[in-house]
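Rule-based calculations on the coordinates, nothing more; no lab input. What you see is a predicted model; the values in this text were computed from it and never measured. Backbone-built Cβ (ideal geometry, glycine too); neighbour counts: all protein chains shown.
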Amino acid sequence: MKRVAVIGTGQTKHTKARDDVTQSELVREATTRALADAGITIHDVDAVVLSNMELFEGRALPEMWVGEGAGGYRKPVMKIATGGTSGTSACIAGYHQCASGLFDIVLVVGWEKHSEGATQTGMALTDPLWDRNVASGAVGNFALSISQYVAERGVTPQQAAKVAVKARRNAARNPYAHLQMDGITVEKVLESRMLADPIHLLDMCPQSDGACAVIYAAEDRAPKLCPRPAWVRAAVTRHDQPYIGDLDRRLVTMRTLRDAAREAYQRVGITEPLKEIDVAEIYEPVSYAELAWYEALGFCAEGEAGRLIDDGITEMNGELPVNPSGGVLSTNPVGASGVIRVAEAVMQVMGRAGDHQVPDARLALATGYGVYAWSDVIILSTG
Amino acid sequence: MTELLRVSHTMTLSWRYGTSWYFAEFIRALRDERRLLGLRCPVCRRVYLPPRPVCGNCYAELREWVEVKDSGTVRAFTIVHTPIIDPTSGQLRPTPYGMALIQLDGADTTLNHYLAESNPAKIRIGMRVQAVWREERRGTLSDIVHFVEMNNQTMNDEQ
Amino acid sequence: MAGDGLLAACHGAMSILAGAYNVVLVVAHCKASMGDPHGITNWSYDPIFQQPLGLDDVATSALQASTLSLAPPLPCSIADGAAAIILSRPSSVPAPHLIGMGWALDEHYLGDRDLTDSPALREAARRAYTLADIDDPKRDITFVELSDQFDYQRKLWASVLFGKTSEVFETSEVSARGVPPFVAGLDRLIEVVLRLRKETGTALAHGCWGPCGQGQVVVVVRR
Amino acid sequence: MNNDTMNNDGFITAGVNLSFNYAAGEAASRFLIALRDEKKIWGTRCPACQRVLVPARSFCPRCFVDTGEWVEVGPAGTVSAFAPLSPLLPGEGLGVRVGLALIHLDGADTALAHFIGEADAPRIGLRVVAVFAESRSGHILDIAYFKPTER
């Protein structure tokens with residue numbers, strides 16, 4: 001079992017539609033940037049892990065076509081899809097591949113091209129025996145869980161809107177982010193079209209075309225290849241039961257995220273996450289979810305999430321900046337979204353986050369969230 | 001700049017899903033007897049709806065059928081304003097409509113289903129609701145049209 | 001994850017080696033009867049140049065067979081099925097040990113590839129042999145279980161692995177038995193393990209997936 | 001999309017119509033536009049391995065480098081793999097098309113997957129030439145099929 005660090009990241013400009021590249025070329029763009037960031041060539045890469053929700057683009061075994069874009073010819077290529085957690089699952093798989101001692105350098109690439117697909121129909125292809133008869137879409141399902149969370153915790157639409165504003169303001173300093181909304185305000189979020197009570201259009205993530213890559217190196221290679229690698233300190237996955245109604249107050253309890261965070265903190269020795277963690281990139285598909293994740297991740301006591309955003313604790317200049325990149329609320333190519341969380345956390349630890357750099361970030365948290373209340377937690381640090 | 005092309009595909013697919021003993025029995029009771037059945041876990045005693053062969057928490061086999069009432073309590077709700085494609089018809093479902101997680105009397109899980117009411121001011125968590133059944137049942141969850149608040153008026157609805 | 005269940009076994013083994021888990025359950029399943037198991041393979045070809053021709057596994061296997069001077073193969077019978085194995089951290093239990101694994105992708109465009117060969121299988125085997133410390137597979141491997149969704153593939157994979165006249169070539173006919181795609185490779189591993197419970201030796205389990213076996217995976221087990 | 005009710009055998013049938021629009025990107029767009037507007041077939045040369053890749057693409061899958069030079073190939077070539085059309089194979093009911101083939105176009109180092117038509121005895125080694133469709137839209141089927149140039 002080896003220690004492993006990320007030595008390079010790369011991503012595309014995320015946008016509504018990338019007509020100028022195929023999926024394979026999109027993946028190559030992120031791959032090439034990650035290789036350049038790591039200062040290596042594709043020939044140095046021992047194995048590749050890919051992440052994509054192929055049903056959204058009508059593909060089967062998408063690694064067959066797109067693997068070439070990640071330089072996968074005659075290399076060990078593995079493709080993983082676990083809904084929203086696909087990207088973080090692939091990152092954890094890549095970490096395991098490297099830590100196993102089998103491979104020295106592992107490339108992970110996630111991508112999605114929603115502009116090519118039938119995302120909404122794809123999402124409607126749920127359990128044919130049950131869910132298809134009572135469908136309300138991803139937004140409707142979130143809204144149901146949110147109503148319980150709001151009722152129990154008393155968070156307000158204004159507090160959720162503050163999360164949405166924070167994300168888009170941060171995105172304005174991230175050249176790769178999809179949504180660039182100048183002058184977004186709480187009022188504009190609350191005035192935007194209602195999708196499903198209490199979710200307004202601007203509370204919700206977009207659908208993006210984009211790809212993102214990270215490159216791992218094992219302990220004997222990483223320090224030679226990178227002056228300030230981001231070491232993986234913990235990587236934990238938790239899955240839960242399938243139906244939305246199986247889970248007691250899903251967003252309130254969010255036991256997968258609580259359990260994964262608890263185990264990850266234990267491995268790293270974190271006892272006071274808000275104080276000890278320098279920056280977090282968490283998978284928040286909707287503004288309210290970020291508030292719920294604050295509690296599940298132990299950033300605050302139960303019922304205190306609203307105060308956290310009110311007090312600016314999670315703003316760029318706060319005690320624990322959350323999603324300096326703009327998060328999923330600003331950029332969401334699903335298969336890449338989890339990889340972007342890890343890449344952005346890595347960039348912070350490496351000091352390569354540019355205009356959205358959190359000063360002297362040394363300990364970073366990344367999470368993944370999947371539709372069945374699945375959670376991944378990854379912790380990275382300078383040492 | 002080069003003209004950029006897109007290549008289109010339309011795919012027509014059909015599937016044939018096996019329902020297995022537990023779902024077939026659930027549908028049979030719903031269609032033929034207008035009864036809702038759940039399965040009880042022998043270990044944690046949770047009553048599951050939808051029925052399934054194993055308890056996700058205990059990994060115990062589920063065999064004990066339990067009748068669940070068609071009335072229950074709203075545990076979560078929303079009004080959906082953005083149209084989605086209804087998987088049963090392929091058409092956009094007209095909006096707005098109410099949606100809820102309903103804990104049916106006798107079940108430990110909640111059922112996601114439609115509400116007749118689409119004014120959020122008239123819905124609350126904890127509200128008691130009653131299923132409104134389609135007159136001719138076909139054997140799907142859609143045989144329950146939606147749920148309405150339990151009151152005197154409910155009794156006159158298609159009962 | 002996508003690909004053959006044997007690849008999932010490799011993933012599970014690496015998670016154990018990484019120290020993440022002590023015991024891993026690996027499950028592969030395919031319920032081909034639900035849909036059109038050949039039609040769906042059209043979705044695996046690039047959507048610009050190959051998918052619009054209507055390619056599927058039956059058509060491209062016929063192309064591959066032609067390069068081997070063989071008549072178009074009949075599609076294998078495709079069944080519903082699932083397979084599972086349990087992997088554990090190495091222990092003193094005299095269970096067969098997984099000592100090598102490797103997997104690789106070939107090029108995607110059929111016209112880029114030499115369909116009479118499989119560089120991906122060569123590469124997968126090379127990686128597995130390196131880990132297993134095998135330098136003469138013909139000598140060191142006692143028996144082999146190969147995956148073939150079409151009958152001609154068994155001979156092709158065997159010749160890639162061991163040359164045209166292979167003495168270690170010994171396998172049950174997966175295609176004839178109709179083991180589902182994506183389960184077949186893991187099923188090969190199960191066959192190998194069951195036999196290694198009765199006799200000692202070093203065995204190779206093989207899986208493949210995608211157009212004309214574009215993806216290849218090899219696992220070496222010893223007892 | 002439609003999801004049916006459970007039938008007497010205990011099965012639920014479902015049908016789905018899904019539409020996808022795949023971006024061809026700059027390289028494939030240029031290739032397809034040349035088929036449409038000029039009835040020409042182009043490849044791209046890999047500066048590392050020197051192979052001329054057909055259909056044209058932006059990078060070499062083996063060398064992972066950008067392709068450079070555009071090279072016109074064909075329209076004639078040699079069949080390197082052939083499968084007859086049958087009820088099991090695609091392209092049935094497509095008129096003169098008799099089979100699916102990999103065609104090694106003159107000047108190319110890779111082969112193109114396409115249809116063979118107007119051929120009595122198609123086989124590996126047969127010399128063929130592209131027949132373009134009357135109506136072309138910037139699609140791989142702007143080449144209708146390849147027909148023999150010899151008996």
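Return the average number of partner chain Cβ atoms within 10 angstrom of each residue Cβ along peptide D:138-148.
That average works out to 2.
Can you flag which of A:Lys162/A:Lys275; A:Lys75/C:Lys155; C:Lys155/D:Lys147; A:Lys2/C:Lys198 are past 29 Å Cα-Cα?
C:Lys155/D:Lys147; A:Lys2/C:Lys198
Per the Cauchy relation, a quarter of the hull surface: what is the mean projected area of the convex hull of the alpha carbons in segment A:328-383, in nm²?
One quarter of the hull surface, i.e. the mean projection, equals 4.2 nm².
Restricted to Cα positions, what overall size does the protein assembly as shown have along the principal axes? Three whole-Å values, descending.
That works out to 86, 67, 67 Å along the principal axes.
Going by C-beta contacts inside 10 Å, put A:Trp65, A:Trp130 in order with the fewest on the left.
A:Trp130, A:Trp65
Report the local net charge at A:Asp220: Lys and Arg +1, Asp and Glu -1, summed over other residues whose C-beta lies under 11 Å from its C-beta.
Net charge around A:Asp220: +2.
Determine the dipole magnitude for the protein assembly as shown: charges of +1 sit on the beta-carbon of Lys and Arg, -1 on that of Asp and Glu, nothing else is charged, the reference point is the Cα centre, and the result goes in debye to the nearest 20.
Roughly 1020 debye for the protein assembly as shown.
Placing +1 at every Lys and Arg Cβ and -1 at every Asp and Glu Cβ, with all other atoms neutral, what dipole size does chain C have around its Cα centre, in debye to the nearest 20?
760
What percentages, rounded to whole numbers, describe P(r) for chain C computed over all alpha carbon pairs with 10 Å bin width beginning at zero?
Each 10 Å bin holds this share of Cα pairs: 8, 35, 37, 17, 3, 0.
What is the mean number of Cβ atoms from other protein chains located within 10 Å of the Cβ atom of each residue in peptide D:108-116, rounded to a whole number?
4
Tell me the net charge near A:Ala36. Cut-off is 13 Å between Cβ atoms, A:Ala36 excluded, with +1 for each Lys or Arg and -1 for each Asp or Glu.
Its environment carries a net charge of 0.
For helix C:184-196, report the angle its Cα long axis makes with the longest principal axis of the Cα atoms of chain C; keep it between 0 and 90° and round to the nearest 10°.
30
So what is log10(I(q)/I(0)) for segment C:20-149 at q = 0.18, 0.19 1/Å, when the Debye sum runs over its Cα atoms only?
Log10 I(q)/I(0), no solvent term: -1.27, -1.31.
So what is the relative contact order for chain A, in percent, with contacts set as C-alpha pairs under 8 Å and at least six apart?
Here the relative contact order equals 26 percent.
If we count every other residue with Cβ under 11 angstrom of B:Ser14's Cβ, Lys/Arg +1 and Asp/Glu -1, where does the sum land?
-1
Using the Karplus equation 6.51 cos²θ - 1.76 cosθ + 1.60 (θ = phi - 60°), what ³J(HN,Hα) coupling, rounded to whole Hz, does each residue of segment C:199-206 give in order, writing x for Gly and Pro?
3J(HN,Hα) across segment C:199-206, in whole Hz: 9, 8, x, 10, 10, 10, 10, 10.
Just to be sure I follow: if Rg is taken over the C-alpha atoms of chain A and Rh is the Kirkwood radius over the same atoms, what is Rg/Rh?
Result for chain A is an Rg/Rh of 0.94.
At what distance in nm do the modelled label points of A:Lys188 and A:Arg267 sit from each other, each positioned 7 Å from its Cα along Cα→Cβ?
The two pseudo-label positions are separated by 4.0 nm.
I want the antiparallel fraction of DSSP beta bridges within the protein assembly as shown, as a percent rounded to 5.
85
As I understand it, the dipole of segment B:20-156 uses +1 on the Cβ of Lys and Arg and -1 on the Cβ of Asp and Glu, about the Cα centre. Which of B:Leu115, B:Gln103, B:Thr88 lies farthest toward its positive end?
Of the candidates, B:Gln103 comes out farthest on the positive side.
Computed FRET efficiency, Cβ-Cβ of A:Arg173 and D:Ser135, R0 51 Å: what is it to the nearest 0.05?
Step by step, r from the Cβ atoms, then E = 0.50.
So for each of A:158-168, C:27-37 I average, over its residues, the number of other beta carbons within 10 Å; can you give me the resulting order with the highest mean first?
A:158-168, C:27-37
Taking the number of other C-beta atoms within 10 Å as the exposure measure, put C:Asp57, D:Asp66, D:Asp37, A:Asp360 in order starting with the fewest.
Ascending number of Cβ neighbours within 10 Å: A:Asp360, D:Asp37, D:Asp66, C:Asp57.
Rounded to the nearest 0.05, what FRET efficiency do D:Gln50 and C:Arg139 have when you use their Cβ-Cβ distance and R0 = 41 Å?
FRET efficiency, D:Gln50 to C:Arg139: 0.60.
In what sequence, highest mean first, do B:20-27, C:79-86 appear when ranked by Cβ atoms within 10 angstrom?
In descending order of packing, they fall as B:20-27, C:79-86.
What residue among D:Leu18, D:Leu32, D:Leu105 shows peak mean-square fluctuation when chain D is described by a Gaussian network model with Cα springs under 10 Å?
D:Leu18
Explain nothing, just the number: dipole magnitude of chain A about its Cα centre with +1 on each Lys and Arg Cβ and -1 on each Asp and Glu Cβ, in debye rounded to the nearest 20.
That gives a dipole near 580 debye.
How high is the relative contact order of chain D? Use alpha-carbon pairs under 8 Å, at least six apart in sequence, and give a whole percent.
Taking the mean separation of contacting Cα pairs over the length of chain D, I get 19 percent.
Would you calculate, for chain D, the mean residue ellipticity at 222 nm contributed by helices, counting each DSSP H stretch of 4 or more residues as -39,500 (n - 2.57) and dividing by all residues, to the nearest 500?
Estimated from H runs of four or more residues: -3000 deg cm²/dmol.
So what is log10(I(q)/I(0)) for segment C:177-223 at q = 0.17, 0.20, 0.25, 0.32 1/Å, when the Debye sum runs over its Cα atoms only?
-0.51, -0.65, -0.87, -1.13
Quick check: pseudo-label points 7 Å beyond the Cα along Cα→Cβ at B:Val43 and B:Ile125, how many nm apart are they?
Once both label points are built, they end up 2.9 nm from each other.
If I take the Cα coordinates of chain D and project them onto the principal axes, what are the three extents in Å, biggest first?
Over chain D, Cα extents along the principal axes are 61, 40, 30 Å.
So if I average 1/r over every pair of distinct C-alpha atoms in segment B:20-156 and take the inverse, what Kirkwood radius in Å does that give?
15.8
Taking 45 Å as R0, compute the FRET efficiency from the Cβ-Cβ separation of B:Met150 and C:Arg126 and round it to 0.05.
With R0 = 45 Å, the Cβ-Cβ based efficiency is 0.05.
To the nearest 10 degrees, how steep is helix C:119-132 against the longest Cα principal axis of chain C, on a 0 to 90 scale?
For C:119-132 against chain C, the angle is about 0 degrees.
How crowded by other chains is A:77-85, given as the mean number of beta carbons from other chains within 10 Å of each beta carbon?
4
Taking 7 Å along the Cα-to-C-beta vector as the label spot, tell me the A:Gln158-D:Glu150 distance in nanometres, rounded to one decimal.
Each label point is offset 7 Å from its Cα along the Cβ direction, giving 8.5 nm.
Using helices alone, what [θ] at 222 nm do you get for chain C, with -39,500 (n - 2.57) per DSSP H run of 4 or more residues, divided over all residues and rounded to the nearest 500?
That calculation yields -9000 deg cm²/dmol at 222 nm.
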